[in-house]
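The structure under discussion appears below in the form of C-alpha cells.
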Amino acid sequence: MPQQIKIGKLAVLAASLTEEELSGFADHFNQVRCCQGKAGSMDVQKIIAAVETAAKRNGIIKENVYRETHALYHAILEGLHGVTRGQIGVGTMMRTVGLRFSVVRGRPYDHPGEGEWLAVAFYGTIGAPVKGLEHETCGLGINHI
C-alpha cells in the first residue's frame with residue numbers, strides 16, 4: 001500500500017525551511033506540485049493576492065477554473081487564521097506581517113475518488129508596525145478541489 005502524501009507537512013516545510021534544508025525532502029516534493037513566495041503587508045488582501053498570483057503563475061491552479069480558485073481562497077483564509085490567531089485582520093489592528101508561503105497540490109488519499117487537495121502554509125513574523133517588535137507566527141490551511 002502506498003504511503004499517504006502529507007501535503008500539509010510538505011507545505012509547512014516549504015514555507016519555513018531554506019532551500020538547503022529542503023534538499024533532503026526532494027523525493028517527497030516530486031509527488032506533488034508546489035510553489036513558494038513571500039508577502040509582507042499591513043493589508044490582508046495583498047497577502048491573499050500574492051498567494052493567488054504565485055499559485056496561478058506556477059500552474060498550481062488553473063486561472064479559468066472557478067472551483068480551483070475557490071479552493072485556494074479557502075485554504076489561504078484558513079492559513080491566515082493561524083497566522084493572526086483567529087482574527088483575520090492586520091493593518092486594521094495595527095499589526096503587520098512578513099511571511100514566506102507555500103502552496104502544495106496533491107492527492108493525500110489512496111482512493112482516487114478523493115481527488116486533489118491544496119495546502120497553503122505561512123511562516124514568518126507578525127507584530128506592531130515597528131521593526132524589532134514582531135514575533136514568529138505560522139498557519140496552515142487545507143482544502144479539497
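Would you list, by chain and number, the lysines whose Cα falls below 20 Å from the Cα of K38, excluding same-chain residues fewer than 8 positions away?
Straight-distance partners of K38: K9, K46, K56, K131.
For the pair R57/E114, report the inter-label distance in nm, with labels modelled 7 Å from Cα in the Cβ direction.
3.2 nm
What percent do you get for the relative contact order of the chain when only Cα pairs under 8 Å and 6+ apart count?
After rounding, I find 32 percent.
Okay, helix-only estimate at 222 nm for the chain: each DSSP H run of n ≥ 4 adds -39500 (n - 2.57), divide by all residues, round to 500 deg cm²/dmol; what do you get?
It lands at -10000 deg cm²/dmol.
Treating the angle as unsigned and between 0 and 90°, give the value, to the nearest 10°, between the Cα long axis of helix 44-57 and the longest Cα principal axis of the chain.
So the inclination is approximately 30 degrees.
Please give the helix 66-83 orientation as an angle from the longest Cα principal axis of the chain, in degrees from 0 to 90, rounded to the nearest 10.
The angle comes out at about 50 degrees.
Find which of G127, N143, G115 sits farthest along the positive direction of the dipole of the range 105-145, computed with +1 on the beta-carbon of Lys and Arg, -1 on that of Asp and Glu, about the Cα centre.
Of G127, N143, G115, it is G127.
If each residue of separation counts as 0.36 nm, what is the full-extension length gain between Q4 and R85 once their alpha-carbon separation is subtracted?
Between Q4 and R85, full extension yields an extra 26.3 nm.
So, with +1 on the Cβ of K and R and -1 on the Cβ of D and E, and no other charges, what is the size of the charge dipole of the chain about its Cα centre, to the nearest 20 debye?
280 debye
For the chain, set up a Gaussian network in which alpha carbons nearer than 10 Å are linked by springs, and say which option among H111, H135, H70 fluctuates the most.
For the chain, modelled as a Gaussian network with Cα springs under 10 Å, the answer is H111.
GNM on the chain, C-alpha springs below 10 Å: top fluctuator among G59, G132, G106?
G132
Please build a GNM for the chain, connecting alpha carbons under 10 Å apart, and tell me which residue among L118, L72, L133 fluctuates the most.
Maximum fluctuation in the GNM of the chain, among the listed residues, is at L133.
Does anyone have the angle between helix 7-16 and the longest principal axis of the chain? Alpha-carbon axes, 0 to 90°, nearest 10?
So the helix axis and the longest Cα principal axis differ by about 40 degrees.
None of the figures in this text is laboratory data; all of them are computed from the coordinates on show. Note that the coordinates shown come from a computational prediction; the quantities given were computed from them, not determined experimentally. Counting neighbours? That spans all protein chains shown, and the Cβs are built from the backbone with ideal geometry, glycine included.
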